[in-house]
Amino acid sequence: MRLILPRFLSKHLCVGLLTLSQSVAIANTDEVETKDEETSTLSPSTQVSVSFSEEQQEHLGQRTKTTEGTPHPIKPLHKDVNYFVRGLMQDLMANLSFVNDKTPIAVSSFVLLDSNYQETNLLGLQISESLIHEVNKFGIPVIDFKSTSDIQVTNSGDFFFSKDPNKLAENLPIQFVIAGTLAQQQGGYIVNARIIGVSSKAVVSSAQAFISREASQAILDNARGHQAPTIHVTGG
């Protein structure tokens, strides 16, 4: 069946269809141009450079160090020394005996296992500092034997700690001591810790931990002089 329209209707219908097709073509062209602009803006070859001030980098935990003029971001550690010390303390408390809130305890520096037990490094010092905090969290009284009887006020700062035996108290109510050793190996450090009775010399608790090379070097690389110095411990 074929529909026959009057001539004037056929003319207007053809003009309308032509106008509609042109409008659609223009719209498609605009859309293509818009997509081309977006594609050009987000082209993979486009390089975006973002810079941060030192203060912003510190807040973001992405400080930079320069090697031959090229900055390299330093990612924050997911497991630092404190993380491993917390695990060490948990193990010490798990098999602990005789130590309670009535028995004051002290924490000594962790010494190098292959030394004469009179040498340590920054890692051994930090382990003892972290353990003071961990012991205190368990409600056990900690004696800080490096504290003095007064505060020294100087132009450099106000100081309460000292390593001068003449400024430290001689008789302290210390009944137990946390001590330990460090053994370096390829992947990091083995830490051997124990709680020892001062009078009896009996080991009332012991624990071992492994500190990864990443965590240990983060401490040792930032020692004075940018290297891990050997510190000689004086005194008995």
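The values are calculated or read from the model by the stated rules, or taken from the named source; none is laboratory data. If you're wondering where the values come from, they're calculated on a predicted model, not measured in any experiment. Glycine gets a Cβ as well: all are built from the backbone with ideal geometry, and neighbour counts include every protein chain shown. Keep in mind that these areas ignore ligands, DNA and RNA; they rest on the heavy atoms of the full protein, side chains included. Shrake-Rupley method; radii C 1.70, N 1.55, O 1.52, S 1.80 Å.
Quick rundown of the values:
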| item | result |
| --- | --- |
| HN-Hα J in Hz across the stretch 102-112 - Karplus 6.51, -1.76, 1.60, θ = phi - 60°, x for Gly and Pro | 10, 10, x, 10, 10, 10, 9, 5, 7, 9, 6 |
| Solvent-accessible surface ranking, highest first, for Ser205, Ser212 at 1.4 angstrom | Ser212, Ser205 |
| Å² per residue, accessible surface of the stretch 70-199 at 1.4 Å | 60 |
| Solvent-accessible area of Lys146 with every protein chain in place, 1.4 Å probe, in Å² to the nearest 10 | 50 |
| Set Lys79/Lys167; Lys79/Lys137; Lys102/Lys201; Lys79/Lys102; Lys79/Lys163 screened for pairs whose C-alpha atoms are more than 26 Å apart | Lys79/Lys167; Lys79/Lys102; Lys79/Lys163 |
| Fraction of accessible area attributable to carbon and sulfur, the stretch 87-166 (%, probe 1.4 Å) | 52 |
| Residue-count net charge about Phe159 - beta-carbon cut-off 15 Å; Lys, Arg +1, Asp, Glu -1 | -1 |
| HN-Hα J in Hz across the stretch 212-221 - Karplus 6.51, -1.76, 1.60, θ = phi - 60°, x for Gly and Pro | 5, 4, 4, 6, 5, 5, 4, 7, 5, 5 |
